[in-house]
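K.L.:
Submitted below is the structure of interest, expressed as structure tokens.
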Amino acid sequence: MITQAGKLTVYDRDDASFLVAHKIGSLYFITTVNGETIQSLTEKFTSSKSVSKVTYNIWHARLGHAHDKALKKIEIVHEAFEDYYSNKDCETCIRGKMKRKPFPEGGQHPTTRPLERIHSDVSQIDPPSRGGNRYFVMFQDNFSNFGCAKPIKNKSEVAETFQNFIVKSEVALDLKVKEIQTDNGGIWRAISRNF
């Protein structure tokens, strides 16, 4: 790429002039591409011989799956149709208008009090904390959205941490935990045998 006296020339790998642009104000306007002027390229494009080879379907896709009415407004495109069919036949447009069935309702009932449903999960801390904790157990009450995380050093501490959380929560609120929701990972399957 060479810039001199308001003219920018871009060369290909073989050092042949590929693109020429002239500076007008603070912008460069492309005037030549591969030795042809922009005006001659525009004339080639707009001539009926080269444009007529492009079908309605191709124009429809090139213009972002535009509707029939929008395509009819574009004179050069409208005159060039070799074939015409409605975009109602376009598979992409049909798929874009499809709707997914809603998720079934009633999977979980809403909670009406604290500790009715507790969500819990175990996550890894990487790198470990200064105290040597490599994991944390997260607890969140579905009703109040209150959550807390307890750091632990090993996964073997999950059961004890879990039990301590339940006991402290039940004593503090004078309510019983009704259900616990987890991702059913291996650690939770082992714990559920004990509860």
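None of the figures in this text is laboratory data; all of them are computed from the coordinates on show. Note that the coordinates shown come from a computational prediction; the quantities given were computed from them, not determined experimentally. Glycine gets a Cβ as well: all are built from the backbone with ideal geometry, and neighbour counts include every protein chain shown.
K.L.:
Check residue 31: other-chain or 5+ apart residues with amide H under 5 Å from its amide H, H built from backbone geometry?
P.N.:
Residues meeting the criterion, in which the H sits 1.01 Å from N, are 20, 21, 22.
K.L.:
Sticking with this structure for a sec: With every atom except the alpha carbons ignored, what do you get for Rg and Dmax of region 117-192, in angstroms?
P.N.:
Gyration radius and largest Cα-Cα distance of region 117-192: 12.6, 38 Å.
K.L.:
Provide 179, 91 in ascending order of the number of other Cβ atoms located within 10 Å of each residue's Cβ, fewest first. Could you put the intermediate results ahead of the total?
P.N.:
On the way: 179 13, 91 7.
Ranked by crowding around the Cβ, least crowded first: 91, 179.
K.L.:
Amide H of residue 115: which non-local residues (sequence gap of 5 or more, or other chain) have their own amide H closer than 5 Å, using H built in the peptide plane?
P.N.:
Counting only residues 5 or more places away or on other chains, the set is 142, 143, 144.
K.L.:
Order these by the 10 Å Cβ neighbour count, fewest first: 153, 97.
P.N.:
Least to most surrounded, the residues fall as 97, 153.
K.L.:
Applying 1/(1 + (r/R0)^6) with R0 = 22 Å to the Cβ-Cβ distance of residue 95 and residue 61, what FRET efficiency is obtained, to the nearest 0.05?
P.N.:
Between residue 95 and residue 61 the formula returns 0.95.
K.L.:
Related question: Fewest to most neighbouring Cβ within 10 Å: what's the order for 134, 117, 100, 95?
P.N.:
Taking fewest neighbouring Cβ atoms as first place, the list is 100, 95, 134, 117.
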